[in-house]
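Read through the structure below, which is laid out as C-alpha cells, and then see the notes.
The values are calculated or read from the model by the stated rules, or taken from the named source; none is laboratory data. If you're wondering where the values come from, they're calculated on a predicted model, not measured in any experiment. Don't worry about glycine lacking a Cβ; one is built from the backbone with ideal geometry, like all the others, and counts go over all protein chains shown. Ligands, DNA and RNA are stripped out before the accessible areas are found, and what is left, the full protein with its side chains, is counted by its heavy atoms. Shrake-Rupley method; radii C 1.70, N 1.55, O 1.52, S 1.80 Å.
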There are 2 protein chains.
Amino acid sequence: MEKLSVWAARQAEAIGKQATLQGWVRTRRDSKGGFSFIELNDGSCLANIQIVADAQLPNYEAEIKHLSAGCSITVHGEVKPSGGKEQATELLASEVIVHGLADPDDYPLQKKRHTLEKLREWAHLRPRTNTMGAVMRVRNRICRSIHDFFQEEGFLYVHTPIITASDCEGAGEMFRVSTIDPANPPKTADGKVDYAQDFFGKPAFLTVSGQLEGEIYATALGKIYTFGPTFRAENSNTSRHLAEFWMVEPEAAFFDLYDDMALAERFLKRIVNDVLADCQEDMAFFQERIDNTIMAALETVRDRDFLRLSYTEAVEILEKSGEKFEYPVKWGSDLQAEHERYLTEKKFNAPVILYDYPRGIKAFYMRVNDDGKTVRAMDVLVPRVGEIIGGSQREERLDVLIERMKEQDLNPDDYWWYLDLRRFGTVPHAGFGLGLERIVQFVTGMANIRDVIPFPRTPGSAEF
Amino acid sequence: MEKLSVWAARQAEAIGKQATLQGWVRTRRDSKGGFSFIELNDGSCLANIQIVADAQLPNYEAEIKHLSAGCSITVHGEVKPSGGKEQATELLASEVIVHGLADPDDYPLQKKRHTLEKLREWAHLRPRTNTMGAVMRVRNRICRSIHDFFQEEGFLYVHTPIITASDCEGAGEMFRVSTIDPANPPKTADGKVDYAQDFFGKPAFLTVSGQLEGEIYATALGKIYTFGPTFRAENSNTSRHLAEFWMVEPEAAFFDLYDDMALAERFLKRIVNDVLADCQEDMAFFQERIDNTIMAALETVRDRDFLRLSYTEAVEILEKSGEKFEYPVKWGSDLQAEHERYLTEKKFNAPVILYDYPRGIKAFYMRVNDDGKTVRAMDVLVPRVGEIIGGSQREERLDVLIERMKEQDLNPDDYWWYLDLRRFGTVPHAGFGLGLERIVQFVTGMANIRDVIPFPRTPGSAEF
C-alpha cells in the first residue's frame with residue numbers, strides 16, 4: 001500500500017486510494033454504532049484526518065478502544081469521502097497497528113490546553129501541540145524562502161565562524177568558549193590565567209555577528225549571505241531576547257545603500273509572499289487563535305511599496321505629530337519602538353525604511369555621508385513590531401574608517417584584517433541583518449520569542 | 001547600462017550588449033598597439049573576462065597603466081566576440097573607474113602561487129584565489145542541494161541547540177560555554193566553582209550533535225533535518241579534523257534502516273548530480289589541478305547502485321581477500337579506513353552501505369537486532385574517502401534502551417526526556433549524519449579539511 005501523509009490523504013484526489021497512514025492519535029471517540037473515530041496527526045499539516053475503525057477489527061477491544069492522545073499507530077485502509085464539513089476525506093481502516101501507548105495518567109499533553117509557559121518546560125513534547133507544530137512549519141517555510149531568495153539572486157552561502165578569538169568582536173557581552181577548568185586554571189608566572197594553554201591558545205568567544213567576516217567573502221566573491229547562530233550573553237529576561245538565535249546577513253560588493261534597501265524590500269516581500277501562499281492553514285490558525293492583526297500587517301508588507309525616509313525627515317514628522325511619546329524625540333538620539341511604530345502604523349500604514357542616521361549613534365563601520373554628520377545606515381520598520389532589519393553601506397575608505405575607529409575608542413590594530421580589505425582593492429559594499437526569530441514572531445504573531453525557536457536559551461535555562 | 005556578472009558577460013548571448021562589469025583585476029598586460037588587456041574576476045565564476053582598454057581612455061596613463069593584481073574597478077563598455085580560444089567574449093571598455101589599488105609591494109597575493117598552508121594565514125584574502133573561490137562555489141552548491149533535497153522530500157528544517165546544559169551530551173570532548181571569569185570564579189561554601197551563578201545556572205557546553213534533539217521533532221512532526229555547526233574539543237591536529245564543523249542530520253519517524261539507507265543513497269546522488277551539472281568549470285579545475293581521481297569517484301556515486309552488505313558479510317570478504325592490512329580484521333572490531341576503502345574501491349568499485357554492526361562498538365541509541373549481537377547501524381562508504389555517512393535505526397523500545405544505557409554506563413535519569421519519547425507514543429525511526437566539510441572534501445579533492453571551510457578552527461587557531 002502507498003504511504004500517504006495526512007496532508008496528502010486529506011486531498012480530494014486521494015479518494016479511492018488504498019493507503020497507509022502513520023502518526024499520533026489526537027483524540028478517540030466511540031460511537032454506539034460499533035465504530036471508533038480516531039483523529040490522527042503526523043505533523044505534515046495542522047489538521048488531523050479522521051480514521052474510522054470498525055468494532056469488527058480483531059484488535060478493536062484489546063487495543064483500539066484504549067487509544068488515547070499521544071499514542072502512535074499505523075493504519076492501513078481506504079480513503080473515503082467524508083460526510084463532515086471540515087474535511088473532504090477520511091480513512092476507513094482495514095488494519096490498525098499500535099506502536100506505542102501514552103498512559104493518560106502520565107502523559108502531560110492531555111486534551112486540556114496548557115499555557116505556552118508550561119509547554120516550555122516540556123520542550124521535548126511541545127512540538128506535538130498544534131501551536132508549536134504550526135510555528136515550526138512556518139519557521140521552516142521562512143528558512144526555505146531565505147535560501148531560495150539569496151540563491152536565486154546569485155548570493156553564495158558562506159559559513160562565518162561561530163567560535164572566534166578575533167579581537168574585533170566585542171560589541172555586546174559574549175560567552176567565553178574554553179577547555180580550561182575554572183576550578184583549576186593554568187596560571188602564568190605573574191598569577192594570571194594562562195590562556196596560551198587554552199584550546200585556541202588565547203581567549204575565545206561565541207560570535208555576535210558574522211558581518212565582518214562576511215565582508216571578507218563579499219569583497220572577494222561579490223555577493224554572499226550568512227545564515228547561522230549568533231549569541232548574546234546579556235542578562236535580559238524579556239519576551240524579545242534570546243542568548244542564542246539565528247541570523248541572516250547578506251553582504252554585497254558594489255552595492256550602495258539604495259541597492260541594500262531594495263534588496264531588503266524584495267527579501268521581506270518574498271518571505272511574506274511564500275508564507276501566505278504555502279502556509280494558509282497554519283496562518284489561519286495564528287490569525288484566529290494567536291493574534292487577529294497579523295494578516296493585515298503581512299498584507300501590508302506584501303502589497304505596499306516600502307517608503308524611504310531619512311532619519312532627519314522622520315524626526316521632523318515625529319516632532320510635528322502632536323503625539324505624546326514616552327521618550328522625547330530629538331535629532332541625534334536613537335528612535336524608540338513607539339516612534340518607529342507611529343511611523344509605520346499610524347502615519348503611513350506601510351513598511352518604512354529609515355536611512356542616514358546620526359553618526360554618533362551608529363557603528364564605526366557605517367559609511368560617513370558627505371555632510372559629516374550622518375552615516376549610511378538603514379532600518380526597515382514594519383507594522384506591529386517596528387524595526388525588523390538593520391543594515392548599512394560600509395565605510396570603504398581606509399582613512400575615514402580608521403578615524404571612525406578612533407572616534408569610538410577602538411584600536412585599529414585589532415582590526416588589521418578588516419582594514420586590509422580597504423588597503424587592497426577596496427570597493428563600495430553594503431549588507432544587512434535579519435534575526436530569524438524576529439521574522440517568525442512577526443509572521444506568526446507569537447508574543448514570546450521563546451515560542452518560535454525549538455530550544456530557547458535564556459538566563460538560567462539551557463535544558464535539552 | 002546593464003550590470004552583468006563576469007559569468008553572464010562571458011556567454012555568447014551577451015555579445016553586442018552595453019554593460020557594466022565590476023570586480024578585481026587579476027592581471028594586466030600592455031600591448032604595443034596602444035591597448036591594455038585586463039583580466040577581471042568578480043567571483044561569479046572561476047574564469048576571468050578580458051577587458052580591452054584603449055590608450056585613448058582619459059585615465060589610461062594616470063590609472064589604468066598602474067592597475068595590478070587585486071585592484072578593484074568598474075568598467076563600462078560593449079561585449080564583443082573574442083579572438084581568443086579560451087573565451088567567447090571580451091569587453092571593450094568605454095570607461096574604467098578605479099575604486100581601490102593594491103600596492104604590489106604590500107599585497108600578499110601576487111602572481112606567484114602560494115601554498116595552501118601559507119594562504120591559511122591570510123584567511124581574509126584567500127577567497128580571492130582561484131582555488132578558494134572554486135571551493136566556496138562548490139560548497140555553496142552542496143549546501144543548496146542539501147536544503148532542496150530535504151525540502152522536496154518533505155523534511156522540516158529544525159534548529160537544534162548550539163549551547164546545551166543537557167546531561168545527555170558528553171560523547172567526545174566538549175567546549176565549555178560560560179560567563180564565569182576563570183581568574184575569579186564564584187565559589188560554593190565547600191570551595192567548588194558555583195555554576196549556579198553561571199549564565200545558564202549550570203555547566204553548559206557546545207553541542208557535539210543535534211541528533212537526540214532532532215529525534216524530539218521527528219517523533220512529533222514526522223520528518224526533519226538539522227543543518228548547523230557542531231563542535232569537538234579534541235586536540236587533533238590532522239587534515240581530517242576541525243574543532244568546529246557543519247553537520248546535516250535528517251531524522252524520520254516511521255523509517256526503518258532500509259528506508260534510511262535508501263534516503264542516504266538518494267541524498268548523495270542528488271548532491272553529486274547537482275555539482276556535476278552546475279559546477280562544471282570549477283570541477284574541471286579540481287580534476288586538473290587538485291586530484292585527477294575525483295571525477296571517476298563522483299561518477300561512481302552518480303551512476304552505480306549503492307551495494308548493501310552486512311558487517312558480517314563484509315568481515316568474511318575481508319578475511320578471504322588475501323590483502324595484507326595494517327590492522328587485522330576480526331568480527332567485533334570496528335573497520336579501519338583501509339578495510340572500507342578496499343571494499344568500496346578494490347572489491348566493488350561502487351559505493352557500499354555496511355549495516356548491522358556488532359552492538360559492542362556502536363552507540364546506545366541504535367536498535368538492537370533480534371540476534372541480540374548486532375544493531376541497526378549503517379555506514380555509507382565511497383571510493384577515495386571511505387566512510388562519509390553514518391546512521392542508524394534508533395531503539396524505540398523503552399526497556400531495551402534503558403538496558404543499553406546501563407550496558408554503556410550511562411545514567412538513564414540523565415536521559416529522562418529522551419526516554420519520554422519512548423514512554424509516550426514511541427515509533428520506529430531512523431536518521432543519519434553527514435559532515436559538510438567531508439562531502440566538500442570528497443567532491444573537490446581538497447586534501448586538508450582546513451581548506452574547505454571559510455575559517456577553520458583547530459587547536460591553537462581561531463583567528464578572524
### Query
Using a basic spin-label model with each label point 7 Å from the Cα along Cα→Cβ, how many nm lie between A:Ala277 and B:Lys65?
5.5
### Message
Past the 19 angstrom mark, what percentage of all C-alpha to C-alpha distances in region B:1-94 do you count?
### Response
31
### Task
With +1 on each Lys and Arg Cβ and -1 on each Asp and Glu Cβ, and nothing else charged, work out how big the dipole of region A:2-100 is about its Cα centre, in Debye to the nearest 20.
220
### Query
Shortest first and in nm to one decimal, what separations exist between B:Asp303 and its copies in the other chains, measuring from label points 7 Å along the Cα-to-beta-carbon line?
5.6
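Here are some pairs, A:Lys269/A:Lys346; B:Lys362/B:Lys406; A:Lys362/A:Lys406; B:Lys324/B:Lys346; A:Lys330/A:Lys406; which of them have Cα atoms lying more than 24 Å apart in this structure? Walk me through the numbers before you get to the answer.
On the way: A:Lys269/A:Lys346 21 Å; B:Lys362/B:Lys406 14 Å; A:Lys362/A:Lys406 14 Å; B:Lys324/B:Lys346 13 Å; A:Lys330/A:Lys406 26 Å.
Distance filter (> 24 Å) returns A:Lys330/A:Lys406.
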### Task
Would you list, by chain and number, the aspartates and glutamates whose Cα falls below 17 Å from the Cα of B:Lys65, excluding same-chain residues fewer than 8 positions away?
B:Asp30, B:Glu39, B:Asp54, B:Glu95, B:Asp103, B:Asp105
### Query
Extent of chain A along each principal axis, from alpha carbon coordinates, in Å, largest to smallest?
84, 63, 44
### Message
I want to check the label-to-label distance for A:Thr115 and B:Met295. Put each point 7 Å from Cα in the C-beta direction and report it in nm to one decimal.
### Response
6.6
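By average Cβ neighbour count within 10 Å, what is the ranking of B:37-46, B:272-281, A:189-198 from highest down?
On the way: B:37-46: 21.4, B:272-281: 16.5, A:189-198: 13.1.
Averaged packing, sorted descending, gives the order B:37-46, B:272-281, A:189-198.
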### Message
I need the shape label for region A:232-352. Rule: rounded when a/c is under 1.5, else prolate if a/b > b/c, else oblate, with a, b, c from the alpha carbon gyration tensor.
### Response
rounded
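Rounded to the nearest 0.05, what FRET efficiency do B:Gln87 and A:Val400 give with R0 = 41 Å and r taken as the Cβ-Cβ distance? Could you check?
0.60
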### Message
For the pair B:Glu407/B:Ala284, report the inter-label distance in nm, with labels modelled 7 Å from Cα in the Cβ direction.
### Response
5.4
### Summary
The helix B:211-221 Cα axis meets the longest alpha-carbon principal axis of chain B at an angle in degrees, between 0 and 90 and rounded to 10, of 90
### Query
Which far-off residues, 5 or more places away or on another chain, put their amide H under 5 Å from the one on A:Lys187, with H placed in the peptide plane?
A:Asp194
### Task
Could you size up the charge dipole of region B:311-436 around its Cα centre, putting +1 on the beta carbon of Lys and Arg and -1 on that of Asp and Glu, and report it in debye to the nearest 20?
220
## Note on the structure
Ordering A:30-36, B:430-436 by per-residue average of other C-beta atoms within 10 angstrom, highest first, gives B:430-436, A:30-36
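Taking beta carbons within 10 Å but only from partner chains, what does the mean come to for residues A:241-252? Write out the running numbers ahead of the final one.
On the way: counts 0, 0, 6, 6, 1, 3, 0, 0, 0, 0, 0, 0.
Per residue, the number of nearby Cβ atoms from other chains is 1 on average.
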### Summary
1/(1 + (r/R0)^6) with r = Cβ-Cβ of A:Ala363 and B:Asn349, R0 = 56 Å, i.e. FRET efficiency to nearest 0.05, evaluates to 0.50
### Query
Sequence-distant or interchain residues sharing an amide H contact under 5 Å with B:Gly222, placed H: which?
B:Ala253
### Query
How far is the Cα center of region B:33-76 from the Cα center of region A:92-125, in Å?
67
### Message
Using alpha carbons only, how many angstrom separate the centre of region B:346-362 from the centre of region A:240-291?
### Response
44
### Query
Considering only the label points, 7 Å along Cα→Cβ from Cα, what distances in nm to one decimal separate A:Gly34 from the same position in each other copy, shortest first?
10.3
### Query
Ranked highest first by the average count of other Cβ atoms within 10 Å around their residues, in what order do B:395-401, B:264-270 fall?
B:264-270, B:395-401
### Förster radius 60 Å - calculated FRET efficiency between B:Asp371 and A:Glu338, Cβ distance, rounded to 0.05
0.30
#### Entry: Overall Cα dimensions of region B:304-414 - principal axes, largest extent first, Å
46, 28, 23
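Need one value for B:311-319: mean number of C-beta atoms belonging to other chains within 10 Å of its residues' C-beta atoms. Write down the numbers at each step before the final one.
Details: counts 0, 0, 0, 0, 0, 0, 0, 0, 0.
Counting other chains' Cβ atoms within 10 Å and averaging over B:311-319 gives 0.
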### Summary
Note: the protein assembly as shown, point scatterers on Cα, Debye, no solvent; log10 I/I(0) at q = 0.05, 0.09 Å⁻¹ equals -0.32, -1.05
### Summary
Expressed in angstrom and rounded, the centroid-to-centroid distance over alpha carbons for region B:178-214 and region A:410-464 is 24
### Query
Roughly how many Å² is the accessible area per residue of chain A, as a whole number, for a 1.4 Å probe?
39
### Task
Determine, at each q value in 0.20, 0.21, 0.29, 0.30 (inverse angstroms), the log₁₀ of I(q)/I(0) that the Debye formula gives when each Cα of region B:175-233 is one equal point scatterer.
-0.81, -0.84, -1.12, -1.16
### Task
Report the accessible surface area buried between chains A and B, summing both sides, using a 1.4 Å probe on protein heavy atoms only, in Å² rounded to the nearest 100.
8400
### Task
Evaluate peptide B:213-225: per residue, the Cβ atoms of other protein chains within 10 Å of its Cβ; return the mean as an integer.
6
### Message
Within the protein assembly as shown, what whole-number % of the accessible surface is contributed by carbon and sulfur, with the 1.4 Å probe and all protein chains included in the calculation?
### Response
47
#### Entry: C-alpha long axis of helix A:257-278 to longest principal axis of chain A, angle in °
10
